[in-house]
Amino acid sequence: MMISQSLRLNKYRMKNETRHFPLTNVEVREKSEDKEGRAVGYAAVFESDSHDLGGFVERIRKGAFSNSLQDAKDGNRNIYALWSHRSDVPLGSTQSGKLVLSEDDHGLRFDMDTSRMTDAQLDALRDGDLQMSFGFAVREQEWREDKEGNIDRTLVEVDLYEVSFVISPAYPDTEAALRSLNAWR
């Protein structure tokens, strides 16, 4: 028997969370005389199971970022690219135009100007030493428990605040997610 519950969270009860994903299909374009350097890839992948996040597995539904991306396009939200979630190391933002985010069938795609990255950061990116992470608050989620007691959480809609290049993620960062699980139970 499947138990399913959809929750739409009050904006005042939302907790910030982060998730980390392998950085795949990344393309690094070198700076030239007529173009800035660019990094292109995915910050999140849709319908892909996470690791166990402390008693449940999570996935992101296609379209989960669409309202945040529309808010950014309309100038009502600034989403940042950061180094390891550090707000003192901004690499770009949607308002500055150095970060372009979009959704496609695969996930949350980023295209970022790399001019603020150090040589060491660019080397780590080229060498495949980085992962991607994103910071968010849940607006709508669905919880399901199957007859074996396996629990799944689907992120239906999130408020996206930032995407980050990370080397050694503290995965999973689950404190806020565990509070959501306990509230659902």
*Close pairs from the range 63-82: first closer than 13 Å to S93 by Cβ and charged (D, E, K, R), partner part of a strand (DSSP E or B) and open to solvent by 30 Å² or more (accessible area, probe 1.4 Å), Cβ under 9 Å, at least 6 apart*: R77/Y161
*asked:* Here is a check on your reading of the model: is I167 at pLDDT 60 or above, within 30 Å of R86 (Cα to Cα) and β-branched (V, I, T)?
replied: yes
*What are the residues in the range 116-171 that are in contact with a Ser or Thr (Cβ under 9 Å, 6 or more places away or on another chain) and of a type in the set (A, V, I, L, M), if any?*
L122, L125, M132, V138, V156, V158, L160, V163, V166, I167, A170
_When residues of the range 79-117 are limited to those that are open to solvent by 70 Å² or more (accessible area, probe 1.4 Å) and not in a strand (DSSP E or B), the one farthest from A64 (Cα to Cα)_ = R116
_Scan of the range 46-78 for residues that are buried (at least 16 other Cβ atoms within 10 Å of the Cβ), within 14 Å of the chain's Cα centre (by Cα) and modelled with pLDDT under 95, ordered by number_ = F46, S50, E58, R59, I60
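The values are calculated or read from the model by the stated rules, or taken from the named source; none is laboratory data. Owing to the predicted nature of the structure, the values given are computational and were not obtained by experimental measurement. No Cβ is skipped: glycine too gets one built from the backbone with ideal geometry, and neighbour counts run over all protein chains shown. Note: accessible area is taken over every heavy atom of the protein model, side chains too, but ligands, DNA and RNA are not part of it. Shrake-Rupley method; radii C 1.70, N 1.55, O 1.52, S 1.80 Å.
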